[in-house]
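Engineer: Mind having a look at this structure? Questions to follow.
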Amino acid sequence: MDKGCGNLSRLDFRLQILRDLFLLIILFAISVYLVYFTSQSFARLFFLALLLTFFFSRKDYIWFAFFFILAQGPGYFFADYSGLSLQRLPLYTFVAGMSFTPIDLFVFLALVKALIKGKGTRLKLEKPLLALLLYIVFSIFVTSFVYGTSIDVIVWNVRWIFYYSVIISFVYLLSKKQDMLKFALLVFPFVFFILFTQIYFIVTGNELINMFNPEFRWIAINSITGALRPIMGGVLILLFSLVFSLLLLSKENNGLPNIYLYLVMCVSFLSVFLSATRLWFVIFSFVFIGYVLVSKKKFSSILGIASIFLVVVSTLIYFGVLPLDFLIESSWGRLHRVLGIFKGDIYAIDTARNRLLNQLPLSIGVIKQSPFVGYGFSYITMSHYDNDLGFVNTILIFGIIGFSLLLFLLVRIFTVLIFAIKNEVLYDSDKIPLKVLTIAWISVLIGYFTTWDFFTMSFDKVFFVSILIAFSEFYVNDLSRC
């Protein structure tokens with residue numbers, strides 16, 4: 001990053017990132033120690049101190065990165081939300097029956113800080129987001145009265161909805177392009193930690209998190225080969241790092257060596273490959289191929305990514321960390337069956353067959369009883385929500401009307417990005433990041449319309465989607481600033 005883009009020289013910028021990263025790793029390590037080896041009281045005080053520090057800090061990007069990472073549960077650390085667990089993020093109870101994690105409090109405090117101190121910006125997606133919010137409020141009242149619910153269920157669901165406020169707080173507080181870049185760079189290194197936990201599982205036969213929180217994770221087995229299956233914890237960190245490495249790679253003079261971005265991308269892809277998770281293999285492959293198609297440096301990009309990937313894999317195999325037969329027989333042995341779908345055999349994958357023949361008919365049977373407004377935050381929703389059915393869950397909760405409003409938001413996102421890409425005022429090099437963001441949104445839809453519900457119920461997913469919306473808003477409005 002040259003002096004022409006911001007106030008820091010390239011060297012000063014890198015040194016600052018290293019200092020911030022050191023601080024972030026220290027905070028993560030202390031969090032691990034307090035959560036897993038001390039009482040909830042010590043952890044409560046520590047996170048409360050962090051939240052107060054954040055409110056008065058000028059480096060908002062560090063705190064967004066820290067709590068985003070915690071929310072994603074890298075290597076399954078901090079992923080235990082059981083109320084009975086002694087190894088979990090501490091709970092703060094201000095009102096009887098209502099408890100909040102440090103991540104919940106951060107999201108609330110970030111919105112307050114953004115409204116008080118942030119740089120107000122009118123969102124291009126304001127109308128579809130507001131329409132969705134109003135419909136959700138309507139849905140809460142109507143469906144709760146008709147189908148029955150409890151205050152606990154309503155409060156729990158309102159919490160994940162509130163995570164969409166990250167869109168506002170992120171855009172308002174990280175208003176400079178340097179801050180956006182720093183946020184991404186602080187997230188990237190955790191892809192190496194996620195890969196390390198997977199390799200640890202392959203070598204020892206036990207999840208690393210189980211050393212800190214005994215028996216938290218079961219031992220996953222490859223349903224095709226019977227071998228150990230190292231499923232990654234924190235997959236949205238991997239997807240974020242892949243997408244934004246490509247986004248930074250597409251811009252000249254980003255202040256970063258391309259080899260580092262190639263390394264982050266390759267480690268992210270290798271992590272998904274080792275997990276033998278077919279949906280994520282398809283999504284990551286789509287993002288790679290999409291970038292190559294829109295990039296002006298097709299040959300150098302393919303050569304650079306392929307070279308680093310081979311170096312990483314060869315090094316791990318050479319030192320005996322990663323057995324070659326595991327890659328071929330276990331990982332690829334499960335992943336290659338996805339090719340059957342492209343040949344027209346939708347039943348080639350056992351899990352897909354089960355969803356289509358068993359899980360989907362059950363959900364449709366429930367949805368038919370209230371197709372237009374859904375069941376909102378009722379007991380029926382909580383009983384029939386299915387983690388494997390993606391968009392079907394949106395219809396279950398908010399009905400066809402709510403689903404249509406979400407589609408309106410998604411169409412608006414693509415419209416805004418495509419309109420900006422067609423803007424003749426922008427240089428061609430400025431348009432590539434917009435194309436990368438478009439590819440990222442398509443990859444989200446691939447998951448949404450097949451398996452993953454990105455938009456409801458899960459705090460980590462809503463946090464990720466909110467960040468993606470915020471980045472889309474920022475790049476559309478300010479891409480040509482630097």
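The values are calculated or read from the model by the stated rules, or taken from the named source; none is laboratory data. In this text, all values refer to a predicted model and were calculated from it rather than measured experimentally. With ideal geometry, Cβ positions are generated from the backbone for all residues, glycine too; neighbour counts draw on all protein chains shown.
Engineer: Tell me which residues, restricted to the range 29-50, are surrounded by 18 or more Cβ atoms within 10 Å (Cβ to Cβ) and touching a residue at least 24 places away in the same chain (Cβ under 8 Å). Walk me through how you get there before you give the answer.
Structural biologist: We begin by selecting, within the range 29-50, every residue surrounded by 18 or more Cβ atoms within 10 Å (Cβ to Cβ); these are 31, 34-36, 43, 46-47, 50.
Within the range 29-50, Ser31, Val35, Tyr36, Ala43, Phe47, Leu50 meet the criteria.
Engineer: If you don't mind, another one. What do you reckon, is Val107 at pLDDT 95 or above, within 22 Å of the chain's Cα centre (by Cα) and either exposed (fewer than 14 other Cβ atoms within 10 Å of the Cβ) or closer than 23 Å to Phe192 by Cβ (or both)? Before the answer, list the steps.
Structural biologist: Numbers: at pLDDT 95 or above: yes; within 22 Å of the chain's Cα centre (by Cα): yes; either exposed (fewer than 14 other Cβ atoms within 10 Å of the Cβ) or closer than 23 Å to Phe192 by Cβ (or both): no.
In short, no.
Engineer: May I pose another question? For Ile397, which of the numbered conditions (1) touching a residue at least 40 places away in the same chain (Cβ under 8 Å); (2) under 18 Å from the mean Cα position of the chain (by Cα); (3) buried (at least 21 other Cβ atoms within 10 Å of the Cβ) fails to hold?
Structural biologist: (2)
Engineer: Any idea which residue in the range 282-299 is modelled with the highest pLDDT, counting only those that are surrounded by 18 or more Cβ atoms within 10 Å (Cβ to Cβ) and hydroxyl-bearing (Ser, Thr, Tyr)?
Structural biologist: Among those that are surrounded by 18 or more Cβ atoms within 10 Å (Cβ to Cβ) and hydroxyl-bearing (Ser, Thr, Tyr), it is Tyr291.
Engineer: Moving on to the next point. Just checking, does the range 214-225 include any residue being within 19 Å of the chain's Cα centre (by Cα), outside the structural domain of Ser472 (by TED's automatic domain parsing) and over 20 Å from Ser82 (Cα atoms)?
Structural biologist: First, the residues of the range 214-225 that are within 19 Å of the chain's Cα centre (by Cα): none.
Checking the range 214-225: not a single residue is within 19 Å of the chain's Cα centre (by Cα), outside the structural domain of Ser472 (by TED's automatic domain parsing) and over 20 Å from Ser82 (Cα atoms).
Engineer: Please list, ordered by first then second residue, the pairs with beta carbon atoms under 9 Å, 6 or more apart or interchain, first in the range 309-321 and within 21 Å of Phe288 (Cα to Cα), second hydroxyl-bearing (Ser, Thr, Tyr).
Structural biologist: From the range 309-321, the pairs are Phe309/Tyr262.
Engineer: Can you name every residue in the range 307-352 that is at pLDDT below 65 and on the phi > 0 side of the Ramachandran plot?
Structural biologist: Scanning the range 307-352 gives a single hit, Gly344.
Engineer: Hey, can you tell me all the residues within the range 365-380 that are more than 18 Å from Arg355 (Cα to Cα) and surrounded by 16 or more Cβ atoms within 10 Å (Cβ to Cβ)?
Structural biologist: The answer is Ser370, Val373, Gly374, Tyr375, Gly376, Phe377, Ser378, Ile380.
Engineer: Also: Looking at the range 455-464, which of the residues that are of a type in the set (A, V, I, L, M, F, W, C) and surrounded by fewer than 21 Cβ atoms within 10 Å (Cβ to Cβ) is modelled with the lowest pLDDT?
Structural biologist: Here is the first cut: in the range 455-464, the ones of a type in the set (A, V, I, L, M, F, W, C) are 455, 457, 459, 462-464.
Those still in the list that are surrounded by fewer than 21 Cβ atoms within 10 Å (Cβ to Cβ) too: 457, 459.
Working: Met457: 88, Phe459: 92.
Once the filter is applied, the top-ranked residue is Met457.
Engineer: Within the range 133-153, is even one residue part of a helix (DSSP H, G or I), in contact with a Leu (Cβ under 7 Å, 6 or more places away or on another chain) and more than 30 Å from Leu21 (Cα to Cα)?
Structural biologist: Within the range 133-153, the subset part of a helix (DSSP H, G or I) is 133-147, 151-153.
Keeping just the survivors that are in contact with a Leu (Cβ under 7 Å, 6 or more places away or on another chain) gives 135.
Checking which are more than 30 Å from Leu21 (Cα to Cα) leaves us with 135.
Yes, the range 133-153 contains at least one residue that is part of a helix (DSSP H, G or I), in contact with a Leu (Cβ under 7 Å, 6 or more places away or on another chain) and more than 30 Å from Leu21 (Cα to Cα).
Yes or no, residue by residue, for (1) among the hydroxyl-bearing types (Ser, Thr, Tyr); (2) part of a helix (DSSP H, G or I); (3) modelled with pLDDT of 95 or more; (4) under 20 Å from Phe100 (Cβ atoms):
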| residue | (1), (2), (3), (4) |
| --- | --- |
| Ser31 | yes, yes, yes, yes |
| Phe47 | no, yes, yes, yes |
| Leu52 | no, yes, yes, yes |
| Arg58 | no, no, no, no |
| Tyr61 | yes, yes, yes, no |
| Ala65 | no, yes, yes, no |
| Phe68 | no, yes, yes, yes |
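Engineer: Could I ask something else about it? Being surrounded by fewer than 23 Cβ atoms within 10 Å (Cβ to Cβ), at pLDDT 90 or above, closer than 17 Å to Val444 by Cα and among the aliphatic types (A, V, I, L, M) is the filter here; which residues of the range 245-281 pass it?
Structural biologist: Answer for the range 245-281, where residues must be surrounded by fewer than 23 Cβ atoms within 10 Å (Cβ to Cβ), at pLDDT 90 or above, closer than 17 Å to Val444 by Cα and among the aliphatic types (A, V, I, L, M): there is none.
Engineer: Filter the range 77-103 for residues that are outside any loop (DSSP other than H, G, I, E, B) and modelled with pLDDT under 95 and give the result. Give the steps one after another, and end with the answer.
Structural biologist: First, the residues of the range 77-103 that are outside any loop (DSSP other than H, G, I, E, B): 92-95, 98-100, 102-103.
Matches in the range 77-103: Tyr92, Thr93, Phe94, Val95, Met98, Ser99, Phe100.
Engineer: Also, I was wondering about something else. State whether one or more residues within the range 368-391 are closer than 23 Å to Glu126 by Cα, of a type outside the set (S, T, N, Q), outside the structural domain of Tyr172 (by TED's automatic domain parsing) and within 23 Å of the chain's Cα centre (by Cα).
Structural biologist: For the range 368-391, residues closer than 23 Å to Glu126 by Cα, of a type outside the set (S, T, N, Q), outside the structural domain of Tyr172 (by TED's automatic domain parsing) and within 23 Å of the chain's Cα centre (by Cα): present.
Engineer: Quick one: would you say Val411 is surrounded by fewer than 18 Cβ atoms within 10 Å (Cβ to Cβ), farther than 21 Å from Trp160 by Cβ and without any contact (Cβ under 8 Å) to a residue 12 or more places away in the chain? Explain how you work it out, then say what you get.
Structural biologist: Working: surrounded by fewer than 18 Cβ atoms within 10 Å (Cβ to Cβ): yes; farther than 21 Å from Trp160 by Cβ: yes; without any contact (Cβ under 8 Å) to a residue 12 or more places away in the chain: yes.
Answer is yes for this residue.
Engineer: A further question follows. Assess whether Leu8 counts as being at pLDDT 95 or above, surrounded by fewer than 18 Cβ atoms within 10 Å (Cβ to Cβ) and either more than 24 Å from the chain's Cα centre (by Cα) or in the same structural domain as Val171 (by TED's automatic domain parsing) (or both). Even if it seems obvious, please write down each step before you answer.
Structural biologist: Values: at pLDDT 95 or above: no; surrounded by fewer than 18 Cβ atoms within 10 Å (Cβ to Cβ): yes; either more than 24 Å from the chain's Cα centre (by Cα) or in the same structural domain as Val171 (by TED's automatic domain parsing) (or both): yes.
So Leu8 does not fit the description; no.
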